[in-house]
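Report on one structure; see the data block that follows.
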Amino acid sequence: MRLLRFLPQRFQHLAPEAIAFGAIGLGNLVLYFLIFNALIFIGAVKATIIATLATTYLAYLANRHWTYKDRPRGAQHREYTMFFAINMVGLLIQSAGTGLLKYGIGLSERSHRLEFNIATAICICIATLFRFFTYRTIVFKQAPTAADAPEPGFPPLPVPADADGDPSHDTARTH
């Protein structure tokens, strides 16, 4: 991974996770477009929903067992629920583009297939960014590190307040 050195230091730790997430995403993207284009005759929005639901379960398994395999497992029910809830928000993001073309502009799936595919690709990119950051911070949370834990036996010191109880008006610290 020599290319990591070209990334800013603060992003280097994200690279392996982003690569695994991206590989899973590309596989699901191919499957998504196969399903979407096979079912577009029933309507672009319906095809988007079915394709998203079909690929969501595969995405969960792949991300849980590859991208985030080293993350602690929360309660499986909570993890599934959060994963699918986040994917439903992603589904709304993806469906917004096709819905706008069909119902907002009035394009038809039969004559504007390319436009629907382009709009879907753009919305998938936006939804993917949303999913990446929410998976890593909400669904597959990092285990707390020793630096996150308070020191044993030393409770945090209270911030002194002035007479009216507002610590921002403490004259001893401001002068």
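Determine one quarter of the surface area of the Cα convex hull of region 25-70, which equals its mean projected area, and express it in nm² to one decimal.
Average projection, Cα convex hull of region 25-70: 2.9 nm².
Quick one: Karplus J couplings for region 40-51, per residue in order, coefficients 6.51, -1.76, 1.60, θ = phi - 60°, nearest Hz, x for Gly and Pro?
4, 5, 8, x, 5, 5, 4, 5, 4, 5, 5, 5
Take every Cα pair under 8 Å in region 21-142 that's 6+ residues apart, average their separations, divide by the length, and report that relative contact order as a whole percent.
Over region 21-142, the number comes to 30 percent.
Amide H to amide H under 5 Å from L14: which residues, 5+ apart in sequence or cross-chain, H placed 1.01 Å off N in plane?
Amide H neighbours of L14: none.
Report, to two decimal places, the Cα Rg of region 21-142 normalised by 2.2 N^0.38 Å (N = number of residues).
Compactness ratio reported: 1.10.
Each value in this text was obtained by applying a stated rule to the coordinates, not by laboratory testing. Note that the coordinates shown come from a computational prediction; the quantities given were computed from them, not determined experimentally.
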